[in-house]
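**Q** Supplied in C-alpha cells, the structure appears directly below.
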Amino acid sequence: MSLVQIVLLYFCTTVCSLYLISGGYKVIRNYIRKKIDDAAATKAAASQPGNTGS
C-alpha cells in the first residue's frame, strides 16, 4: 500500500474508534432495534388478519 492509503486507513480507524467510544454505538444499536421491532410488528399484524377478538 502507498503512504496515502496507509494514512487514510489509520485516519478512518481512529475516527471510527473515537465515534464508537463517544457513544455512537447507541445510535447504531437504536437503529437496529427499531428495524427489528418494526419487522416484528409487521409480521405479527400479518399473521393475525382475521382475529377480531369476538
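**Q** Kindly list the residues of the range 1-31 that lie in the label zone of Asp38, defined by a backbone N under 20 Å from the point 7 Å along the Cα-to-C-beta vector.
**A** Taking a point 7 Å out along Cα→Cβ of Asp38, the residues of the range 1-31 whose backbone N falls under 20 Å are 25-31.
**Q** Give me the net charge for the shell around Ala41: Cβ to Cβ below 14 angstrom, other residues only, Lys and Arg +1, Asp and Glu -1.
**A** Result for the local shell: +2.
**Q** Further, regarding this structure: On a 0 to 90° scale, report how tilted helix 25-47 is relative to the longest principal axis of the chain, with both axes built from alpha carbons and the result rounded to the nearest 10.
**A** Relative to the chain, helix 25-47 is tipped by roughly 20 degrees.
**Q** What does the convex hull of the Cα atoms come to per residue for the range 1-44, in Å³?
**A** 70
**Q** Taking the Cα centre as origin and putting +1 on Lys and Arg beta-carbons and -1 on Asp and Glu beta-carbons, what dipole magnitude results for the range 1-44, to the nearest 20 debye?
**A** In total the dipole reaches around 200 debye.
No value in this document is a laboratory result; all are computed from the given coordinates. In this text the structure is predicted, and so the values were computed from the model without any measurement. Glycine also receives a Cβ, built like all others from the backbone with ideal geometry; neighbour counts cover every protein chain displayed.
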